[in-house]
Amino acid sequence: MAADFRFIVVGRGMMGAAAARHLARQTDCIAVIGPDEPKDRKRHDGVFGSHYDEGRITRTIDPDANWALLANRSIARYAEIERDSGIDFYAEVGCLVVGPKRGGADSYIGNVVNAASRLDVRSDILDDHALKARFPYFSFAADSEGVHEPHGAGHISPRRLVKAQSLLAEKAGARVIKETVTSIRDEGGLAVVTTSEGHSYRAEKVLMAAGGFSIAENLLATPVDMKIRGRTVAFFEVSEADAGALSAMPSLITKGASDADSIYLLPPIRYPDGRYYLKIGGDPDDLGLGSDGELRAWFRTDGRETVREHLSGMIHGLVPGLEPISTSSSSCVTSYPPTDYPMISYTTSPRIAVLTGGCGTAAKSSDEIGRLGAELILEGRIKDQAYSTDFSGHFLN
């Protein structure tokens, strides 16, 4: 039978929407398939996306050269995406990374400083006194040191970024199909996509970008090898006046004495309900999720109460003057391939490829990850030689 499309992208999250945009700019007959964000999360029994949020940290400094390049190339295109779509999603408020000062057993800040130098990123190195003077609303442990990246860093709205990418993909000719894919198979010389709505679509090639739901049973003939972790994030509502008083607050990453005391914090962001929230994340332990059903059940919760209490203690220690109007929490997931890099590769079929595994750090880099996925589909391989990793795929036997 004839193909319905040349290429299909399965998944309308950050990576999938980016891949669809890049593909649609270079060729025609593109489709991207995935459902809209559910209106009632608690009652929804379908798939979810981790981009249903307004705040993700973005920064160019990363000790890992591959992740740094993914981030830098993506951030360099933010302005173009905003301009062409008419959708603002990026706030350049800067990013502050704080940890034990250099010279001791912990090498974290030293690695960040070295990365900033290697990447030629303008940054300020701040001791205890300088941290207090520049950011009086924060309180850090004694003998801390910070690296402040004032430009090319801050936070993005993943929800609005996906909206912008999807709009541009449609403008370039891609068809958006708001259905849920249940299987992708190589049949009769074509890739065949079947949805829960009872439809089938055929294409020359399919790029599967389903986030944590990439592990769903029967989605691929051979499932991807990927660990999924359930994460809890906490939100602290502040008044509009307090949000204004904290308007200069950068995004924050802190490295504590242990991983359990390491967090990330976003400044006050206005959410769709019109209210302002500080968001904090950093689970002190891991919650593994091993199936499609477990993911769906997890997304319908508000996360773990124990983590919410932990994060509440952390934020009150970091921002001692904070007087929240309300406190709430939510659930999301992170996905980890064996390599700790995204999988951007073909399956055993030359017609079906995967684009998945964000490792908890891919939101800011999603446009470049999507571009690489588009290149894989168009060229049959990633031709870009700038990366030291091959973004290999890993699958269960």
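The set of residues in segment 267-277 being closer than 19 Å to TYR52 by Cβ and either within 18 Å of the chain's Cα centre (by Cα) or outside any strand (DSSP E or B) (or both) consists of ILE269, TYR271, PRO272, ASP273, GLY274, ARG275.
With the structure loaded, tell me whether SER85 is of a type in the set (Ser, Thr, Tyr) and open to solvent by less than 60 Å² (accessible area, probe 1.4 Å) or whether it fails that test. Considered against the rule, which asks whether it is of a type in the set (Ser, Thr, Tyr) and open to solvent by less than 60 Å² (accessible area, probe 1.4 Å), SER85 comes out as yes. Looking across segment 278-316 at every residue that is of a type in the set (S, T, N, Q) and part of a loop (DSSP other than H, G, I, E, B), the one that is surrounded by the fewest Cβ atoms within 10 Å (Cβ to Cβ) is identified as SER291. Using the structure shown, decide if ARG175 is at pLDDT 95 or above, open to solvent by 50 Å² or more (accessible area, probe 1.4 Å) and over 27 Å from SER331 (Cα atoms). Here the answer is yes, as ARG175 does meet what is asked. When you check PHE48 against the structure, is it aromatic (Phe, Trp, Tyr), assigned to a loop (DSSP other than H, G, I, E, B) and under 17 Å from LEU252 (Cα atoms), yes or no? Judged against the criteria, PHE48 is not a match.
Taking the criterion of being open to solvent by 70 Å² or more (accessible area, probe 1.4 Å) and part of a helix (DSSP H, G or I), the residues of segment 19-42 that qualify are ARG25, GLN26, LYS42.
Consider segment 237-264 and keep the residues that are under 28 Å from GLU294 (Cβ atoms) and in contact (Cβ under 8 Å) with a residue 12 or more places away in the chain. The one that is surrounded by the most Cβ atoms within 10 Å (Cβ to Cβ) is ILE263. Would you confirm whether or not segment 199-213 contains a residue that is touching a Leu at 6+ places or on another chain (Cβ under 9 Å), over 21 Å from GLY317 (Cβ atoms) and in a loop (DSSP other than H, G, I, E, B)? Among the residues of segment 199-213, at least one is touching a Leu at 6+ places or on another chain (Cβ under 9 Å), over 21 Å from GLY317 (Cβ atoms) and in a loop (DSSP other than H, G, I, E, B), which makes the answer yes. Residue count for segment 335-344, restricted to those that are in a strand (DSSP E or B) and surrounded by fewer than 21 Cβ atoms within 10 Å (Cβ to Cβ): 1. Please find, among GLY49, GLY11, GLY16, the residue that is among the small types (Gly, Ala, Ser), crowded, with 24+ Cβ neighbours inside 10 Å and modelled with pLDDT under 95. After ruling out the rest, the residue left standing is GLY49. Within the set VAL93, VAL98, the sole residue that is open to solvent by 40 Å² or more (accessible area, probe 1.4 Å), under 25 Å from PRO268 (Cα atoms) and β-branched (Val, Ile, Thr) turns out to be VAL93.
Let's see how each residue does on (1) open to solvent by 10 Å² or more (accessible area, probe 1.4 Å); (2) farther than 30 Å from GLU375 by Cβ:
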position	(1), (2)
VAL206	no, no
ALA210	yes, no
ASN218	yes, no
ARG229	yes, no
THR232	no, yes
PHE235	yes, yes
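Take the conditions farther than 13 Å from MET226 by Cβ and open to solvent by 30 Å² or more (accessible area, probe 1.4 Å) and apply them to LEU378. Does it pass? Considered against the rule, which asks whether it is farther than 13 Å from MET226 by Cβ and open to solvent by 30 Å² or more (accessible area, probe 1.4 Å), LEU378 comes out as yes.
The values are calculated or read from the model by the stated rules, or taken from the named source; none is laboratory data. All figures in this text were calculated on a predicted structure; none of them were measured in a lab. Note that each Cβ is placed from the backbone with ideal geometry, even for glycine, and that neighbours are counted across all protein chains shown. Just the protein is used for accessible areas: all its heavy atoms, side chains included, with ligands, DNA and RNA removed. Shrake-Rupley method; radii C 1.70, N 1.55, O 1.52, S 1.80 Å.
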